[in-house]
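*Asks:* Quick one: the structure is below, questions incoming.
The values are calculated or read from the model by the stated rules, or taken from the named source; none is laboratory data. Quick caveat: nothing in here was measured; it's all calculated off a predicted structure. Reconstructed Cβ throughout: ideal geometry from the backbone, glycine too, with neighbour counts over all protein chains shown. Side chains are part of the model used for accessible areas, which takes the heavy atoms of the whole protein and leaves out ligands, DNA and RNA. Shrake-Rupley method; radii C 1.70, N 1.55, O 1.52, S 1.80 Å.
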Amino acid sequence: MDLPEQEGLRRRPRKCSDSSQLEEQFTLSSRVVNKIGQRNVRIFNLPQRSIRFVKDVVTTLVEEQWRYAMLVFVASYVGSWTFFAGLWYVLSYAHGDLSHDPATGERLTDGVMPCVEGVTSFTEFLLFSMETQISTGYGAKVPTEECPESFGLLTIQLIVGLLIDGAVLGVVYAKMVRPPQKISEMKFSRRAVICQRDGRLCFVFRICDRKWQHAIETKVTAVLLESRRTAEGEEIEKHESYLKLENDGRLVLLWPVTACHVIDRDSPLYDLSAAELLERRLEIVITITGGTMTTGQINQARTSYVASEICWGHRFCDIIEYDARKQAYVAVNERMHELETVDTPLCSARQLDALRKQFHNEENRQETAETSKQREAELQSTKNKEKNESGVETTIC
């Protein structure tokens, strides 16, 4: 049942475009989460910040860019080779292997053989250290049983080399199986809309997961961030209010789907109208969580919509078609962000419910009045019928 059109209740909504004037209402610095899911939060004066990153070096390397991680890997290998080359040099120098007769070139020590055969300079010790750590055997440069200390140093270097190799492989694997950082652009529509569904105002956005990175236990949440002043005068910056989504946010992402939040009396958007949407500084953060079918790893993508990115009086175009030749459903991905204008009340959901209640009350009063008139007419007809029957009986007598 349609509501009567009143002034300001229904008129053509504004056109939602990518105008730079609308984008200027919210600059990048005013967002908590940008469109690709990165949080715009900086924490200053954090005590021992550098030490925290060093203590959790694995997480730091996984989250850093590839060029910085590769720089750390190369530095760790070169540093370990150089460090152990210095230790081998010190060991050979203490044993006297580096002292030679200038005339004959023979060693001046009493030992039968040197600690490391075939090495006389630091450069050769560096090559020997690299050969020890990354190869499976020796060539001309080989440690001997002359120095007992060399066995302990050799064992320590092999263990350190294995630890570095394991750490590098673990970090590289974690970075490779980790989802890309800019996956939010391909999963969420650029804009959200507010339109009517079954006579109720709804906040709607579209999600597409083409690579099925969130196929297992898919969960979508929406949080409204907006400043709020309490009754005591306290100003709460970016107060969090959860928006209840249909089916508790659990979706089956077989194709691009729309997530819907019904704006009812329990919704924080219950008092929001089209005019207030242009003035309020709000941000709605959308988060999708799920596991991949390949590795089972839990992934999370995030984006946000500010007031200038919410289109009132629009809805998403249908992009799902059935192709009889392919015998499969086809989703036109290029049209994922397309919107179409629909007739939508510009008032808030509270005002719309009040008008709907008023309209139903008027209809009930009209129905009650008509019912009363029908009853009075039936009573009058009954009385007239009784009078006519009594008159007929008198005539017969």
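*Asks:* Considering region 192-205 alone, what residues qualify as being closer than 16 Å to GLY37 by Cβ and in contact with a Ser or Thr (Cβ under 7 Å, 6 or more places away or on another chain)?
*Replies:* PHE205
*Asks:* Residue by residue through region 124-137, note down the ones that are assigned to a helix (DSSP H, G or I) and either closer than 17 Å to SER80 by Cβ or open to solvent by less than 20 Å² (accessible area, probe 1.4 Å) (or both). Show your work before the answer.
*Replies:* The initial filter retains those residues of region 124-137 that are assigned to a helix (DSSP H, G or I), namely 124-134.
Residues satisfying the conditions are PHE125, LEU126, LEU127, PHE128, SER129, MET130, GLU131, THR132, GLN133, ILE134.
*Asks:* Taking the stated definitions as given, is ASP248 outside the structural domain of SER135 (by the TED database) and either without any contact (Cβ under 8 Å) to a residue 12 or more places away in the chain or surrounded by fewer than 15 Cβ atoms within 10 Å (Cβ to Cβ) (or both)?
*Replies:* On the way: outside the structural domain of SER135 (by the TED database): yes; either without any contact (Cβ under 8 Å) to a residue 12 or more places away in the chain or surrounded by fewer than 15 Cβ atoms within 10 Å (Cβ to Cβ) (or both): yes.
Here the answer is yes, as ASP248 does meet what is asked.
*Asks:* Are any residues in region 276-303 more than 26 Å from ILE194 (Cα to Cα) and of a type in the set (A, V, I, L, M, F, W, C), and if so, which ones?
*Replies:* MET293, ILE298
*Asks:* Would you confirm, using the coordinates I've provided, whether GLU362 is open to solvent by 80 Å² or more (accessible area, probe 1.4 Å) and over 46 Å from the mean Cα position of the chain (by Cα)?
*Replies:* Judged against the criteria, GLU362 is not a match.
*Asks:* Has region 257-265 got at least one residue that is at pLDDT below 90, assigned by the TED database to the domain that holds ILE284 and either more than 24 Å from ILE310 (Cα to Cα) or out of contact with any Leu (no Cβ under 8 Å at 6 or more places or on another chain) (or both)?
*Replies:* Within region 257-265, none of the residues are at pLDDT below 90, assigned by the TED database to the domain that holds ILE284 and either more than 24 Å from ILE310 (Cα to Cα) or out of contact with any Leu (no Cβ under 8 Å at 6 or more places or on another chain) (or both).
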